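Everything on this sheet refers to the single structure shown next.
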Amino acid sequence: MKTADFIQIENELGAHNYKPLDVILTKGKGIWVWDIDGNKYMDCLSAYSAVNQGHCHPEIYKALVEQAKKLTLTSRAFRNDQLAPLYQDLCKLTNSHKVLPMNSGAEAVETAIKTVRKWGYETRGIPEGKAEIIVCDNNFHGRTLSIISFSSDDNARKNFGPFTPGFKSIPFGDITALENTININTVAFMVEPIQGEAGVIIPPEGYLKDAREICTKKDIVFILDEIQTGLGRTGKLLAEEHEGVQADLTLIGKALSGGFYPVSAVLSNTEILGTLKPGQHGSTFGGNPLACAVARKALEVLVKEKMVENAAVMGEYFLNRLKKIKSHVIKEVRGRGLMIAIELFKNSKKGAKEVCKILMHNGILCKETHETIIRFAPPLVITKKEIDMAADKIEKAIIEYQSI
């Protein structure tokens with residue numbers, strides 16, 4: 001089949017909850033992907049940071065195949081020989097004391113919501129049904145019904161109600177708003193260290209540190225959603241390390257499997273995760289041996305191949321290259337590590353998607369958000385030579401966009 005045939009079938013038989021670029025990918029290796037016509041592209045999205053280790057990393061692939069030959073699923077009705085080693089690897093790497101494995105990022109968020117509510121009722125003595133969680137405006141934590149209940153994205157919420165109560169939203173980066181919103185029923189503050197879907201929005205320096213101190217003082221749970229920012233994306237293993245803090249609950253996913261399998265995890269301590277008793281929460285596939293084997297190897301190569309360190313160095317280089325682009329359509333270039341955005345001035349006739357289309361035709365795949373922002377998040381294995389190549393093409397695309 002040709003590209004048009006694939007697109008036609010998708011349009012006819014698939015739900016229209018996505019609007020992807022019209023490229024049909026069939027192969028990937030490292031930072032590169034190929035379409036069905038043999039065209040080669042640099043992937044500057046990394047499946048929203050799920051393939052930090054690069055596409056089809058050979059060692060993760062080998063771990064997947066070897067485990068698939070032995071045992072793939074037992075459910076948590078029984079134990080398996082891959083789960084305990086994954087717990088050890090994660091706790092050692094992140095200084096956590098307890099781990100709860102799930103599948104998707106949204107499941108990890110739902111797990112956090114349930115757990116901190118239960119902790120609030122049983123430990124803090126909050127009246128049943130009164131627990132409140134503070135979140136931030138323009139957040140993105142997933143698309144389940146409970147999560148969109150505290151989204152500020154009208155498109156994500158419209159006609160999906162009634163919504164789950166128990167959430168209060170405050171401006172991102174506003175520490176005074178956090179202090180003023182906490183009350184006797186507040187059980188947690190959940191925030192992304194950097195807002196990804198919002199457009200790589202970085203909070204003021206010291207924000208996470210101040211939030212950590214406030215949560216400790218007020219005896220509420222500090223939750224960091226590191227599903228996009230975690231596992232090397234920002235140039236640290238976890239983005240919280242930039243400010244030297246540690247959350248009470250840290251949520252990771254995406255790159256936890258290197259893109260081979262859905263794996264997520266809630267990292268915490270005995271006090272909080274210890275509130276969950278048998279039968280109160282779980283997942284058929286969560287913690288299965290195939291997922292655990294893949295996650296263990298994904299973590300191993302991340303460390304062994306110094307991908308986190310590479311993200312820090314290459315991210316700074318990429319950001320500086322993009323900041324040198326001179327154009328009247330660019331409002332701002334910002335980022336941390338290999339999580340970077342170019343924000344354009346608003347134009348009623350054209351937007352960031354046009355730049356993404358131009359880049360696609362020139363061998364660079366990236367994604368727009370909020371009409372005016374282009375996100376760049378290549379795999380952490382990218383080299384300086386490849387960044388130079390990407391930056392040159394991005395500059396040419398911006399120049400072409402100006403003339404449309």
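FYI, it's all coordinate maths here, none of it is from the lab. Since the model is a prediction, treat every value here as computed from it, not as a measurement. Ideal geometry is used to build each Cβ from the backbone, glycine not excepted, and the neighbour counts take in all protein chains shown.
Assorted remarks:
- Exposure proxy ranking, count of Cβ atoms within 10 Å, fewest first, for Thr94, Thr369, Thr181: Thr181, Thr369, Thr94
- Here is the list for the range 47-87: chymotrypsin sites (Phe, Trp or Tyr not before Pro) lying in DSSP coil, each with at most 15 other C-beta atoms within 10 angstrom of its C-beta, are Phe78.
- Within the range 1-74: Cβ-based charge dipole about Cα centre, in debye rounded to nearest 20 (Lys, Arg +1; Asp, Glu -1): 360 debye
- Cysteines in the chain that lack a partner Cβ within the 4.7 Å cut-off: Cys56, Cys91, Cys136, Cys215, Cys292, Cys356.
- Relative to the compact-globule estimate of 2.2 N^0.38 Å, the Cα radius of gyration of the chain comes out at 0.99.
- Here the range 156-220 is described by how far its Cα atoms reach on the three principal axes: 38, 32, 14 Å, from widest to narrowest.
- Listed by chain and number, the lysines whose alpha-carbon sits under 18 Å from that of Lys92, ignoring those within fewer than 8 places in the same chain, are Lys236, Lys297, Lys304, Lys306.
- Counting beta carbons within 10 Å around each of His281, His57, His328 and listing the fewest first gives the order His328, His281, His57.
- The chain: relative contact order as a whole-number percent, Cα under 8 Å and 6+ apart: 23 percent
- Of all DSSP beta bridges in the chain, antiparallel share, percent nearest 5: 65 percent
- Residues Cys56, Cys356 arranged by fewest to most Cβ contacts within 10 Å: Cys56, Cys356
- Evaluating kT/(6 pi eta Rh) at 20 °C and 1.002 mPa s, with the Kirkwood radius of the range 71-225 over Cα pairs in the Stokes-Einstein relation, gives 125 µm² s⁻¹.
- Mean Cβ neighbour count within 10 Å, used as a protection proxy, ranking 112-121, 357-366, 209-218 highest first: 112-121, 357-366, 209-218
- Rounded FRET efficiency, nearest 0.05, which uses the C-beta distance separating Lys69 from Lys168 and R0 of 56 Å: 0.70
- Entries in Lys40/Lys385; Lys168/Lys350; Lys19/Lys350; Lys19/Lys349; Lys2/Lys396 that, when Cα-Cα distance is taken, lie over 23 Å: Lys168/Lys350; Lys2/Lys396
- Taking the helices alone, the chain has a mean residue ellipticity at 222 nm of -11000 deg cm²/dmol, built from -39,500 (n - 2.57) per DSSP H run of at least 4 residues and averaged over all its residues.
- Ordering of 135-147, 224-236 by burial proxy (mean other Cβ atoms within 10 Å per residue, highest first): 224-236, 135-147
- Electrostatic tally near Gly30: other residues with Cβ closer than 10 Å to its Cβ, Lys and Arg +1, Asp and Glu -1, net -1.
- GluC sites (Glu not before Pro) within the range 94-186, DSSP loop, no more than 13 other Cβ atoms inside 10 Å: Glu128
- Each peptide in 20-31, 306-317 was scored by the mean count of other Cβ atoms within 10 Å over its residues; highest first, the order is 306-317, 20-31.
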